[in-house]
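Down below is the structure, laid out as structure tokens.
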Amino acid sequence: MSQVVSYAREAEIALVTIDNPPVNATSHPVRAGLMDAIARAAADDSRALLLVCAGRTFIAGADITEFGKPSQPPSLPDVLDALEALAKPVVVAIHGTALGGGLETAMAGHYRIADARAKLGLPEVKLGLLPGAGGTRRAPRLMGVKPALELMTDGAAISAAAALAAGLIDRIAQGDLLPAALGYARELLAANAAPRPTSAIVPDMEGLDDAWFAARKSALAKSARGRTAPQRIVDALQIGVTLPANEAALRTREMFLEMVSSTESRAMRHLFFAEREAAKLPADCREAPRRAIERVGVLGGGTMGAGIAINFAESGLSVTVLETDDAAAARAMDRIRGTWEAARAKGRLDDAAVAARLSRVEVSTDFGVLAPMDLVVEAVFEDLKVKQDVFRRLDAICRPGAILASNTSYQDLDAIAGVTARPADVIGMHYFSPANVMKLLEVVRGAATSPDVVATVMELARRIGKIPALVGVCYGFVGNRMLQPYAREAQMLLLEGATPARIDSAIESFGMAMGPCAVGDLAGLDIGYKARSARKDRPDDPRWFRIGDLLAEQGRLGQKSGAGFYRYEPGSRERLPDPAVEQLIRAEAARLGVVQRETSAAGIVERLIYAMVNEGCRVLEEGIAQRASDIDLIYANGYGFPVARGGPMMYAQTVGLSAVYEKVLSFREELGPLYWEPSALLARCAKSGEPLP
């Protein structure tokens with residue numbers, strides 16, 4: 001028996017325990033140990049086998065670090081087939097999370113009991129994979145084809161109660177899990193219960209013909225944004241419920257191994273590890289003490305401020321929102337309450353949950369209420385002077401040791417901190433809208449921000465359900481700084497003859513959630529116009545964002561005015577091409593002497609994405625981002641970059657840095673060096689073959 005799998009006897013019950021911290025992943029030692037335990041149970045006089053896991057969770061999935069490497073037998077499918085074939089009842093006890101290969105292991109057992117707080121799921125789709133150890137055969141037999149397909153293509157975990165209702169488990173433990181599981185096994189023995197192999201269940205296929213599966217694939221293809229895993233899961237599930245078990249197992253395993261080596265899965269696994277890497281603190285922050293954060297103030301109750309307050313309150317923190325007057329305070333409270341009441345109307349929250357969240361929120365017009373707060377987040381108008389005035393007042397009133405955070409998306413955090421007598425306590429917390437929904441949080445470390453403030457806010461980010469990425473100070477930090485050249489090239493392409501619809505279509509086909517013109521219309525063209533107008537470093541180039549500026553000056557602000565790059569019918573968000581915009585672009589191109597021409601969809605994508613990549617390399621050179629994977633994490637979680645491509649820096653490395661570099665050089669030759677001088681880092685890595693740091 002291996003060290004990570006132990007075998008003991010509880011009278012007639014063989015107790016097999018997996019102990020492979022931290023999450024009992026099904027690495028090779030676990031698989032080998034479990035196969036040995038199954039063989040031992042088959043040979044001895046035990047009458048049942050109970051499988052449990054030590055530590056804080058059941059098997060939370062496979063060992064992802066083994067993916068892409070030569071497989072060491074036994075494979076997980078072989079182990080689970082042996083478990084299911086055991087000629088005595090197999091009971092599986094689940095606590096914590098049973099995810100991916102963990103749930104596949106549980107489904108290979110004959111009977112399942114779970115702790116009431118357990119979560120179960122098949123999240124392989126989030127790694128560009130399908131359940132590869134029998135999940136596509138067993139899940140539809142236990143819970144039905146339609147619910148199983150939803151579980152696999154959504155990738156979200158479900159509660160023990162939902163799993164019980166679906167037939168995925170047989171019982172929820174009352175009290176401690178191990179005694180309850182032993183008791184369940186004894187009940188089964190007393191009743192002379194036989195093994196109950198999941199694969200022997202005949203699935204209900206009523207109404208589920210080839211056309212039904214084809215329709216599901218088509219629907220998923222429309223929402224997948226370049227991902228193929230959801231559609232492959234449909235294929236695998238159909239195979240799993242229509243072919244003999246041995247053939248289905250062979251076919252789905254082949255599909256799984258093919259997907260492991262795909263660009264899509266490599267990209268999504270890259271983002272999985274990027275999230276874990278980004279959570280690591282710089283060396284000077286690792287041992288820093290954490291400041292206690294229980295009371296939070298939010299300065300500003302507009303859309304962003306209300307979202308930030310909601311996020312804190314939903315995470316169990318007490319929140320005080322400060323507004324300028326009673327009317328603004330009432331609007332802020334209405335925004336917050338309305339969000340939770342809408343969730344209640346959809347059945348996502350009950351009355352008690354809404355009441356509990358509301359009890360944690362206070363809205364005030366008295367600046368003095370911020371004095372005792374542990375953390376204050378400023379979410380006021382995006383203007384440096386306004387923010388500096390706010391921080392002067394916060395500096396005067398907040399208690400010593402309070403953390404003062406700015407939600408600025410591009411202003412100079414050091415200039416904000418510099419107006420206080422405590423710049424070490426100042427940090428950036430750049431939320432993305434809607435703040436209570438979007439997972440990304442850019443944590444901006446200023447020149448004077450102390451290590452304990454960094455450590456506290458990074459830890460707090462995870463506490464409130466965010467994915468933190470630690471960045472340095474520059475205009476726009478990482479995300480918005482890199483967005484500027486991306487948007488700039490879209491504007492240049494407009495002058496060169498590409499229509500808004502053609503640009504957006506090309507980049508959306510690439511996988512971006514929305515094209516740059518559509519994003520501008522959604523956000524409001526006046527937002528970018530005002531930000532650009534305030535910049536002191538505008539290039540001496542009359543083409544620079546010329547079309548966006550003209551539209552804003554004409555009052556075409558996007559969806560909110562019914563016209564921007566596109567026009568919109570009242571009450572509709574459908575983008576309608578506008579001949580007036582196309583005429584304006586042609587006239588302005590002629591005035592500026594820009595020759596219009598045809599650009600392919602691939603050429604549009606290269607212009608936009610490579611401009612972003614080149615700027616990303618500069619961000620790395622300057623130390624604004626710690627690592628290339630942090631940039632990818634930011635773009636996948638904050639800017640709609642397709643996860644199947646792994647983020648802009650991963651995509652560049654997939655294409656090949658030398659190929660990207662050569663294309664940047666060709667753009668410099670064709671378009672001039674003003675915007676297309678290759679970064680030193682890109683040049684070095686392209687020539688040396690080194691990966692991006």
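Quick test for you: out of 249, 200, 245, pick the one residue that is in the same structural domain as residue 82 (by TED's automatic domain parsing), closer than 21 Å to residue 82 by Cα, loosely packed, with under 14 Cβ neighbours inside 10 Å and of a type in the set (A, V, I, L, M).
None of the others qualify; the one that does is 200.
Quick one: which helices (runs of 4 or more DSSP H) lie wholly within the stretch 285-397 and hold at least 1 residues that are among the β-branched types (Val, Ile, Thr) and under 19 Å from residue 425 (Cα atoms)?
In the stretch 285-397, 384-397 are the helices (runs of 4 or more DSSP H) which contain 1 or more residues that are among the β-branched types (Val, Ile, Thr) and under 19 Å from residue 425 (Cα atoms).
Of all residues in the stretch 400-420 being assigned to a loop (DSSP other than H, G, I, E, B) and aliphatic (A, V, I, L, M), which is surrounded by the fewest Cβ atoms within 10 Å (Cβ to Cβ)?
Of all residues in the stretch 400-420, those assigned to a loop (DSSP other than H, G, I, E, B) come to 400-402, 407-412, 418-420.
Cutting the leftovers down to aliphatic (A, V, I, L, M) gives us 402, 419.
Details: 402: 23, 419: 17.
Among those residues, the one meeting the criterion is 419.
Filtering the stretch 55-74 down to residues that are out of contact with any His (no Cβ under 9 Å at 6 or more places or on another chain) and of a type in the set (A, V, I, L, M, F, W, C), which residue is surrounded by the fewest Cβ atoms within 10 Å (Cβ to Cβ)?
64
Only one of 190, 161, 214 is surrounded by fewer than 16 Cβ atoms within 10 Å (Cβ to Cβ) and closer than 18 Å to residue 142 by Cα. Can you tell me which?
Just one listed residue meets the conditions, 161.
Residues of the stretch 589-624 being out of contact with any Asp or Glu (no Cβ under 6 Å at 6 or more places or on another chain), of a type in the set (A, V, I, L, M) and closer than 18 Å to residue 662 by Cβ, which ones?
Answer for the stretch 589-624, where residues must be out of contact with any Asp or Glu (no Cβ under 6 Å at 6 or more places or on another chain), of a type in the set (A, V, I, L, M) and closer than 18 Å to residue 662 by Cβ: 602, 605, 609, 612, 613.
Taking only the stretch 561-576 into account, find how many residues are farther than 17 Å from residue 550 by Cα and in a loop (DSSP other than H, G, I, E, B).
Total meeting the criteria: 8.
Given the conditions (1) touching a helix residue (DSSP H, G or I) at 6+ places or on another chain (Cβ under 6 Å); (2) crowded, with 16+ Cβ neighbours inside 10 Å, which single one is not true for residue 195?
The failed condition is (1).
For a quick check of your reading of the model, give me the residue pairs whose first member lies in the stretch 603-616 and is in contact (Cβ under 8 Å) with a residue 40 or more places away in the chain, whose second is polar (S, T, N, Q), with beta-carbon atoms closer than 6 Å and at least 6 apart or on different chains.
Matching pairs, first to second residue: 614/679.
Of the residues 309, 288, 342, which is among the small types (Gly, Ala, Ser) and without any contact (Cβ under 8 Å) to a residue 40 or more places away in the chain?
After applying the criteria, what remains is 342.
Residue under question is residue 501, and the condition is that it be at pLDDT 95 or above and closer than 30 Å to residue 579 by Cβ; does it hold?
It is true that residue 501 is at pLDDT 95 or above and closer than 30 Å to residue 579 by Cβ.
So that you can scan it fast, the table gives a plain yes or no per residue for (1) in contact (Cβ under 8 Å) with a residue 60 or more places away in the chain; (2) surrounded by fewer than 18 Cβ atoms within 10 Å (Cβ to Cβ):
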position: 11; (1), (2): no, yes
position: 24; (1), (2): yes, no
position: 48; (1), (2): yes, no
position: 76; (1), (2): no, no
position: 104; (1), (2): no, no
position: 111; (1), (2): yes, no
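Could you please find all residues in the stretch 527-559 being at pLDDT 95 or above, of a type in the set (D, E, K, R) and in a helix (DSSP H, G or I)?
Of everything in the stretch 527-559, those that are at pLDDT 95 or above, of a type in the set (D, E, K, R) and in a helix (DSSP H, G or I) turn out to be 546, 549, 553.
List the number of the failed condition for residue 347; all other conditions in (1) surrounded by fewer than 16 Cβ atoms within 10 Å (Cβ to Cβ); (2) more than 27 Å from the chain's Cα centre (by Cα) hold.
(2)
Could you tell me which residue of the stretch 432-444 is surrounded by the fewest Cβ atoms within 10 Å (Cβ to Cβ), considering only residues that are in contact with a strand residue (DSSP E or B) (Cβ under 6 Å, 6 or more places away or on another chain) and of a type outside the set (Val, Ile, Thr)?
To start, the set of residues in the stretch 432-444 that are in contact with a strand residue (DSSP E or B) (Cβ under 6 Å, 6 or more places away or on another chain) comprises 432, 439-444.
Applying the additional criterion that residues be of a type outside the set (Val, Ile, Thr) yields 432, 439-442.
Details: 432: 20, 439: 15, 440: 20, 441: 29, 442: 26.
In this case the residue turns out to be 439.
For the subset of the stretch 573-589 comprising residues that are surrounded by 11 or more Cβ atoms within 10 Å (Cβ to Cβ) and within 36 Å of the chain's Cα centre (by Cα), which member is nearest to residue 495 (Cα to Cα)?
Top of the filtered list is 581.
What about residue 668, is it part of a helix (DSSP H, G or I), free of Cβ contacts under 8 Å to residues at least 60 places away in the same chain, over 25 Å from residue 491 (Cα atoms) and assigned by TED's automatic domain parsing to the domain that holds residue 488?
no
Out of the stretch 133-158, which residues are closer than 16 Å to residue 95 by Cβ and surrounded by fewer than 18 Cβ atoms within 10 Å (Cβ to Cβ)?
We begin by selecting, within the stretch 133-158, every residue closer than 16 Å to residue 95 by Cβ; these are 157-158.
Within the stretch 133-158, none qualify.
The values are calculated or read from the model by the stated rules, or taken from the named source; none is laboratory data. Note that the coordinates shown come from a computational prediction; the quantities given were computed from them, not determined experimentally. Glycine also receives a Cβ, built like all others from the backbone with ideal geometry; neighbour counts cover every protein chain displayed.
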